[in-house]
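Here's the structure we're looking at; comments come further down.
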Amino acid sequence: MKDKDQKLIIVNINKGGLRMEGQLIQKVTVDKAQYHPGEWVKIEIFLKEGISNNITNDNLKVEINDLDYRFYNTEIRLIELKQDLTSSVVLFWQIPIEMHFEGFGLDIKYYKNKQLMDSYSTGFDVVEKWFQAPRYGFLSEFNPDKKEKDIYQRLEIMKNFHLNIVQFYDWMYRHHQLLPLQEEYKDIFNRPLSLRVVKRQIEVCKDNGMLPIAYGAMYGAEKDFVLEHLDWIAATRDGVTRNSLCNDNPSEYIQIMNIADDCPWREHIVDQYRQAIKKLGFEGIHIDQYGFPKTYYSLVNCKRKLKDMEAEFGRFIEYTRKELGEETALIFNAVNNWPVEVVAFEPQDVVYIEVWPPNDTFYHLRQLILEAKKLANYKKQIILAAYISSLNKKKKISQEAGERAARLTAASIFANGGFHLVLGEGATILTDGYYPEFRQLTTEFSRVMQNYYDLITRYSKYLFSQDLRDKSAVLTGGTNDEIKLSINGEKMNFGPNG
């Protein structure tokens, strides 16, 4: 193993931290979800309470590595640390400035009298741009009663999951008017929201190395706005196109609007995006659509003209990029892979696909990822929003079965080089397309998911390098014998395509 000439600075011992009986090392954290070249990494090692009673021959071994390449390796004699060992050891390590896409393993071992007593492993990564490794999470609660402690704790958990992008889902006043006129307001579903809470969560995201992204539907407008701009709607033959899924109240609805370049709606909604970025500090926009209609009629200038929605999607993304600039993060939702062949090469930063039936098997997840990579010419990362419906309480499926489905889904996505939007709002998981209906993870399953996200972070360049190509079809199965799979010595019937 090789050593990199980098300084590891031992700073002090802090008080506080999580307590877990029976473990000498309770947990190890870093201070950001993701880092940039040359940044300092703050490493905090939380130790068992009362550990200072007998530490004469106790050492901590700290190693930062990439497989067999050791960036730094040191031992800390606990007896030499003057402060009372009631909580945590804090270290700093600087990432080499020349590194632009690298995952690091962080391994801590506790020795007593030269005997290994405990160990803990995690990881962190460095990128030049966030979209090289976009681990996407979400927030969906912005109620006025949300306390500062709650905001900090939830985002701390998300930071520890290494979620470096955060979608602020349904934070806005209305779909056509994102910013409210008052500090406290209610959305179309009558949920109480607070602009103060939104702003504070944006600030804490940035402190934790997480990019805050504003949800913004590209063509949704509520009734009062529609009645004043009837010639801006995306009309069907009978003159109406409504998203009836968004509200149970038939007197309220979200109208699909005309996003074509000759309709003032496009300029209006992109200006709403601009104001959200400028006034609140968002660093990007999650551009949503609803998966329909595939065609519609424009009514601009009292002329009825048939429009192809997917073609308009591409032009809308181009316009938004031009108006908001290259540094603004843009993510477009290709609902159930539509129309990925159009938007994959448009100027958005990643390819994002919200998965719905009939794409409902693990094989489908693999195919969605591989097809999107190819359509983007292997220049963009792929994110799947694949919700774990088996954990939805309405399904009445056992907790064990639901958690197993979540693990298999994550493994299928990560193993094929994709990222997964499913965790957020602290330690919660999405089970439905309406994010406020998330489900809390159990303590045990939260640790399981932590292991998954630690792994994909420390080995990010081996899983997500854009130089990688899938060669399963020519290496395994059938007449291909370069890779042979067996269980207990018996040959497996295996095909690369499922």
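Structural remarks
- Hits in region 157-177 (condition: more than 10 Å from Leu211 (Cα to Cα) and part of a strand (DSSP E or B)): Phe168
- Note on region 434-464: residues that are surrounded by 14 or more Cβ atoms within 10 Å (Cβ to Cβ) and assigned to a loop (DSSP other than H, G, I, E, B) total 4.
- Among the residues of region 232-267, those that are at pLDDT below 95 and among the acidic types (Asp, Glu) comprise Asp238, Asp248, Glu252.
- Residue pairs whose Cβ atoms lie under 8 Å apart, sitting 6 or more positions apart in sequence or on different chains, and linking a residue in region 168-184 that is without any contact (Cβ under 8 Å) to a residue 40 or more places away in the chain and of a type in the set (Phe, Trp, Tyr) to a partner that is in a loop (DSSP other than H, G, I, E, B) and surrounded by fewer than 23 Cβ atoms within 10 Å (Cβ to Cβ), are Tyr173/Leu179; Tyr173/Pro180; Tyr173/Leu181; Tyr173/Asp187.
- Check on Val204, farther than 19 Å from Leu430 by Cβ, among the β-branched types (Val, Ile, Thr) and either in the same structural domain as Glu327 (by TED's automatic domain parsing) or in a loop (DSSP other than H, G, I, E, B) (or both): yes
- Residue match in region 367-380 (condition: in contact (Cβ under 8 Å) with a residue 60 or more places away in the chain and at positive phi): yes
- Selection status of Glu184, in the same structural domain as Arg135 (by TED's automatic domain parsing), surrounded by fewer than 23 Cβ atoms within 10 Å (Cβ to Cβ) and out of contact with any Leu (no Cβ under 9 Å at 6 or more places or on another chain): no
- Count of residues meeting criterion [touching a residue at least 40 places away in the same chain (Cβ under 8 Å) and crowded, with 16+ Cβ neighbours inside 10 Å] in region 320-347: 10
- Checklist (1) closer than 23 Å to Trp130 by Cα; (2) among the acidic types (Asp, Glu); (3) outside any loop (DSSP other than H, G, I, E, B) applied to Asp349, failing item: (3)
- Qualifying residue in region 398-406 (condition: polar (S, T, N, Q) and surrounded by 15 or more Cβ atoms within 10 Å (Cβ to Cβ)): no
- Criterion violated by Leu106 - all others in (1) in the same structural domain as Ile43 (by TED's automatic domain parsing); (2) part of a loop (DSSP other than H, G, I, E, B) satisfied: (2)
- Hits in region 262-301 (condition: outside any helix (DSSP H, G or I), among the charged types (D, E, K, R) and closer than 17 Å to Tyr173 by Cα): Asp288
- Residues in region 302-329 that are assigned to a loop (DSSP other than H, G, I, E, B) and modelled with pLDDT of 95 or more: Gly325, Glu326, Glu327, Thr328.
The values are calculated or read from the model by the stated rules, or taken from the named source; none is laboratory data. Since the structure is predicted, the reported quantities are computational estimates derived from the model, not experimental observations. So basically every Cβ, Gly included, is an ideal-geometry build from the backbone, and we count neighbours across all protein chains shown.
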